1. Pop the C-beta distance of residue 74 and residue 45 into the FRET formula with R0 = 25 Å and round what comes out to the nearest 0.05.
2. Can you give me the orientation-averaged projected area of the convex hull built on the Cα atoms of region 70-135, in nm²?
3. Based on the Cβ-Cβ distance from residue 111 to residue 60, what FRET efficiency comes out when R0 is 30 Å, to the nearest 0.05?
4. Quote the FRET efficiency, to the nearest 0.05, computed for residue 126 versus residue 52 with a Förster distance R0 of 25 Å and r equal to the Cβ-Cβ distance.
5. Dividing the Cα radius of gyration by the Kirkwood radius, what Rg/Rh value follows for region 23-77?
6. Going by average Cβ density within 10 Å per residue, which order do the peptides 99-106, 116-123, 57-64 take, highest to lowest?
């Protein structure tokens, strides 16, 4: 190290970083979803999330890590509750699973994830709540 030039210590760096940060660090950590967390919400594998990451809103690449901003994902899905699949929808509609696959685009809350079909739980719940046939 050259004479007269001092490096900041780790403590000094943290103080500088935290004072320049627009949000507290605890909020920053919660503003992102990992690829594992998103795969749980979408009901697909982590490999699927990574392969289709460019198509998912809010992608933030951090080196080799895939992270997704919560706000765009929440807006895209209408919430962060895990999506429902055809096997979960069929008993609620009192129809076979094959009917759900054949008529998925007619069911409120439908979302296609490549070859997978999923349903947004909040939208589907409102649909079921207003249907006498499914009560």
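1. 0.70
2. One quarter of the hull surface, i.e. the mean projection, equals 4.5 nm².
3. That gives a FRET efficiency of 0.90.
4. FRET efficiency, residue 126 to residue 52: 0.35.
5. Ratio of gyration radius to Kirkwood radius for region 23-77: 0.96.
6. 116-123, 99-106, 57-64
Throughout, read-outs are computed from the coordinates displayed, never taken from laboratory work. These numbers come from a predicted model, not from an experiment. Note that we place each Cβ from the backbone using ideal geometry, even for glycine, and neighbour counts take in every protein chain shown.
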